[in-house]
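The numbers here are math on the coordinates, done by the rules we state, and not lab data. On a predicted model such as this, the values are computed, not experimentally measured, just so you know. Neighbour counts run over all protein chains shown; Cβ positions are idealised from the backbone, glycine included.
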Amino acid sequence: MNWILIFVTLQVLHFLGTWRLYQKAGRKSWETALPIYSLWVMLKITGRPRWWIVLFFIPIICVVLYGVLWVDFIRCFGKRSSKDTFLVIITLGFYIYYINYLPRTKFTGVEERKETALSSLLFAVVFASFVHTYLIQPFTIPTPSMERTLLVGDFMFVSKFHYGLRIPLTPIGFPFTHNTIPIIGIRSYIDRIRLPYKRLPALTPIRPGDIVVFNFPTDSTQNAPDRKDHYIKRCIALPGDTLEIISGELQVNGQPEALPKNAEKQYSYIVQTKEIRLNEDFLKNYLGIKDIKLIEGDESGDRGALYEIMLTDEYAKILSELDNVTSIEKHLFSKEFTEPGIFPENSTWNRDFYGPLYVPKKGDIIKLSENNISQYRDIITRYEGHTLKESEGEFFIDNRSMQEYVIEQNYYFMMGDNRHNSLDSRYWGFVPQDHIVGKPIFTWLSIDWDRDHPLNIFKWKLRQERIITLTNENSRIKTSYLPYVLTSLGIYFVYSFIKERRKKKKNTSSD
């Protein structure tokens, strides 16, 4: 019903702002009142291809095209200055009202269009917006929660169609922004106008061990699921699975987790040395060990030092063989320790002893109780849009007394490969199906900067071995395709140069 009201309101606004202009362009005023047809007529008045009408119903893309059409429309009535263009854009089209009721306004015809830098830019914006919204979107790895598999400073392309393209839920928004406009900091989309959740068929289902980009479920700053902050983690449990962590080791359905070969899990290790200093430059630059924290020790080096270091089991073994290391032990919480902020809120679990926990799937009938309501509260209210009230052990969903609840969509459990330094499902719960964004497929750039000097622009270097590499789940060795790309570009530029030289030589001979 809300959509019908919005649609009718927009059509009435269109009629009130354009009916006289349609008349002056030789059309009938009633044509402005007809949905879709009025847009088709406007395209005809402005001389734009009528097939463009399809593009106006593509979320996000339509925002750019409406701006183009507004500018084209007012130019048909002699308003062709930069000031007019600015006013019609900044007023979101309402400048047309002023032109519509201006007595001296005349129809001057379609402006002769030439290929300009602006028209080329508009085409590029429309094309790039389509690719960014519906096919592939660039992402940056900002935190170490997936190290060592993914590194801080990796720039990746993420496929939106592998797990099924999610149609944008908020169709009206500023292109190339996510939830806020940079610098200004204001919201970049209209939250009140939303489309129902729809997802196109997937090329492949989410599999155990897949690295997945998704919207952070408990993001409190954004309401629309598709505008919540992006997170990237590994899916370790599917809908219907039961997971448990025992002494830091994950089991799914009673079996040890099966990870692809490219996964490199890290844990917190306590390292005791004879002297104050490990060779931190060697650890950071040659072994890629970034998170090194001195717990005890002094600069004199008279006493041994105690470090907390994030390591894979493989690198922990390497460090244990150093002469300077006297002991190394994985830092695990005890089973009796209740970690603050763990999910669900009434559990006595921690990061190393967790579960067993069942991951709900669509169609599950859950019998609600005081013991499990904290596990399903967000599902019922935040993700599936119902109201929930609790009174003396009785549950009221949408003001109806209910002791059972039917799960409406699939859920997933995500964890970071940096198991002791990752904010993941152990702390905020399940990831709903409608929050899934896509699958990382390609690393096009990787920058290693000094984390001790995050504001120093000179403290960085390129990780050449990670530039232009495909996500390879069958090997830890990343194959860089950079030489092939550079060779192809070189061949293209040489060919273009020779072709241009021949063309000029031919024109000179003809003269």
Query raised in the report: If amide H atoms are built 1.01 Å from N in the plane of the peptide, which residues on other chains or at least 5 residues away come under 5 Å of the amide H of LEU445?
Result: PHE155, ILE468
Report task. Any chance you could give the angle, 0 to 90 degrees and rounded to 10, that helix 37-46 forms with the longest Cα principal axis of the chain? Result -> 70
Report summary line: Lys and Arg at +1, Asp and Glu at -1: neighbours of ALA237 with Cβ under 12 Å from its Cβ sum to 0
Report task. Convert 4 °C to kelvin, take the viscosity as 1.567 mPa s, use the Kirkwood radius over C-alpha pairs of the chain as Rh, and evaluate the Stokes-Einstein diffusion coefficient in µm²/s, rounded to a whole number. Result -> 47
Report summary line: Residues whose built amide H sits under 5 Å from the amide H of HIS162, excluding neighbours closer than 5 in sequence, are LYS439
Query - Those lysines that a straight Cα-Cα span of less than 25 Å connects to LYS389, excepting residues fewer than 8 apart in one chain - result: LYS361, LYS362, LYS367
Query raised in the report: Under a Cβ-Cβ cut-off of 12 Å, what is the net charge of the residues other than PRO59 that fall near it, where Lys and Arg count +1 and Asp and Glu count -1?
Result: +2
Query - Derived scalar couplings ³J(HN,Hα) [the stretch 323-328; Karplus, 6.51 cos²θ - 1.76 cosθ + 1.60; whole Hz; x for Gly, Pro] - result: 4, 6, 9, 9, 7, 8
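Below 8 Å, C-alpha to C-alpha, sequence gap of six or more: please give me the relative contact order for the chain in percent.
Values: 886 pairs, mean separation 70.8, N = 511.
14 percent.
Ranking CYS62, CYS235 by Cβ neighbours within 10 Å, fewest first, what do you get?
On the way: CYS62 16, CYS235 20.
With the fewest neighbours first, CYS62, CYS235 line up as CYS62, CYS235.
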Report task. Taking amide H positions as placed in the peptide plane 1.01 Å from N, state which residues far from PHE395 in sequence (5 or more) or on other chains have amide H under 5 Å from it. Result -> MET402
Report summary line: Of the candidates MET42, ILE89, GLY109, the farthest towards the positive dipole end of the stretch 2-132 (Lys/Arg Cβ +1, Asp/Glu Cβ -1, centred on the Cα centre) is GLY109
Query raised in the report: ³J(HN,Hα) across the stretch 385-399 via Karplus (A = 6.51, B = -1.76, C = 1.60, θ = phi - 60°), whole Hz, x for Gly/Pro?
Result: x, 9, 8, 9, 10, 10, 8, 6, x, 10, 10, 10, 9, 6, 6
**Report entry** Using alpha-carbon coordinates, inclination of helix 482-510 to the longest axis of the chain, degrees
**Finding:** 30
Query raised in the report: In degrees between 0 and 90, to the nearest 10, how far off the longest principal axis of the chain does helix 117-134 point, with axes built from Cα atoms?
Result: 40
Report task. Evaluate the charge dipole of the stretch 2-132 about its Cα centre and quote only its size in Debye, nearest 20, assuming +1 on the Cβ of each Lys and Arg and -1 on the Cβ of each Asp and Glu. Result -> 440
**Report entry** Estimated distance in nm for a label pair at LEU55 and TYR101, the labels positioned 7 Å out from Cα along Cα-to-Cβ
**Finding:** 3.2
